Structures are given as C-alpha cells and as structure tokens.
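First the structure, in the form of structure tokens, and then the observations on it.
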Amino acid sequence: MSSWMVCQSKLRGEKEKWVGRRGLKLLLLGDSITEHLTGASVGAVSQRFDEVKAEFDSSFEKDSTLALGIAGDQTQHLLWRLGEGGELEGLEPEFVHILIGTNNLGAGFTPEDTFEGIKAVVDLVRGGVPASTRIILQEIFPREFRNPGKKQQIKVAEVNEMMREQWKQEVGTGGGGGVTLAQCGRDFVTDETLGLDERDWKVKVPLMPDHLHPSASGVKLWMDCLKAQMVNTS
C-alpha cells in the first residue's frame, strides 16, 4: 500500500471518531498547507512542523477541529478522498474550510481546469454536509517559484479571479449559494507589492519561507483571518 493510501486511511479513521458526535466546530480540507497544521506530511510526523501545529492548536478550543489534508494533493485527489475515500460522510461540522488547487497549478494544470476542480470540490462538500453547515472557501495563497520564469503567481491570480466571479459577493460576507469566499492571502504579501495587480504580488518570506507554506507566524495570521470569517458568517 502506498504512503498516500496509508495516510488517507488514517484520515478516514480520524474522521470516524467524529461520526455521530456533536461539537465539531471546524473541518479543514486541503493539501500540505492543511496537513502541516497537524504536524505531519503525508502522514509522517516531523518536528519541522511543531511550531506550526502548536500555533494552530492554540487558535481553537481543544477537540473542536479536524484537519484533513495530504501533502501534494490536487483537486481530484481531494474529490476522491471525500467521496470514495469516505472522509466526509457522517460529519456534521459547523464550518468547513476548503483550501485546494495550488498543486494543480504547480503540476501544469491551466487556471481554468484548476478552477473547475475547486468548484467540483465545493459542490461535493455542499451536498455532503448538513444545510446548516457554513462553507468557507479560501482563495489560493500567493505563491512563487524560485524560478521566476514560471510566473506562478499569475496563474494563482487568474484562479482567484474566477472564484470571485463564481461566488459573486462582497469577499468575506457570506452568500454565493451558502459559500463564503475568504481572502486570507493579503497578509502574506509584501508592502511594496500589495498595491499592485495581484499577478505581481510577492510573498513576505518570514511568513512563507518556502514561498508556499505558512510559517508559525504566518499560521497565526491565517487563523486570525479564518476566525474572523467564521464570526462574519455565524
């Protein structure tokens, strides 16, 4: 069995602990950015993520969250996990947070195909949780490659624009067919580029040292943004 399947089986097991239980405030779905909040990557716990996990754990009441992410996952992987993989069935969270798609772009998918994958995830989640569950869909974090020729941020900006068009609303205020679109990436952008077009954004290295994953200080800003969205949609 591959390490991915082993990890997915573990996540399904973590999910099963919540089936039939009340009190799940927040379910987070995604890739490595989400998985690092648990202190692991593809199921392997690492001290590299201790500070990130500690910051996440301190952001919410104990035993009120469930983070289901696997490093490297793209939209189609998350779709399988939630459907055939059984990671969603039986859960009754108050909020679901979705952050997915950056790995599609990194693998060469077009912004259009990446957006369609994100939309499919949202549709699956919307149909798989109680009507009272609020969905917070996050725009893709700003991203850079060390090779400037790849212009990754241009693709990120294009997907985010499609998401805003699909879920027409004032960002962060709710609506859009039961979906709140959260824009938590702005805090990670340098002061020099924040006023520019999103395609030209550059990330603050202390908050995102590898230009992709938030550091512990980045996670604090991220969770503050997420908690604000939860309050606004309650």
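The values are calculated or read from the model by the stated rules, or taken from the named source; none is laboratory data. Here the structure is a predicted model, which is why all the values come from computation and not from measurement. Cβ sites come from the backbone with ideal geometry, for glycine too, and all protein chains shown count toward neighbours.
For the reader, a short list of remarks on this structure follows.
- Residue within region 217-229 that is surrounded by fewer than 18 Cβ atoms within 10 Å (Cβ to Cβ), among the acidic types (Asp, Glu) and within 18 Å of Ile136 (Cα to Cα) present: yes
- With respect to (1) more than 19 Å from Ser132 (Cβ to Cβ); (2) at pLDDT below 95; (3) not acidic (Asp, Glu), the lone exception for Lys53 is condition (2).
- Some residue of region 17-26 being within 25 Å of Ser215 (Cβ to Cβ) and not aromatic (Phe, Trp, Tyr): yes
- Glu61 vs. criteria under 21 Å from Glu92 (Cα atoms) and more than 17 Å from the chain's Cα centre (by Cα): yes
- Residues located in region 1-21, provided they are assigned to a loop (DSSP other than H, G, I, E, B), farther than 26 Å from Glu94 by Cβ and modelled with pLDDT of 95 or more: Ser2
- Of the listed requirements (1) buried (at least 19 other Cβ atoms within 10 Å of the Cβ); (2) at pLDDT 95 or above, Val179 misses just one: (2).
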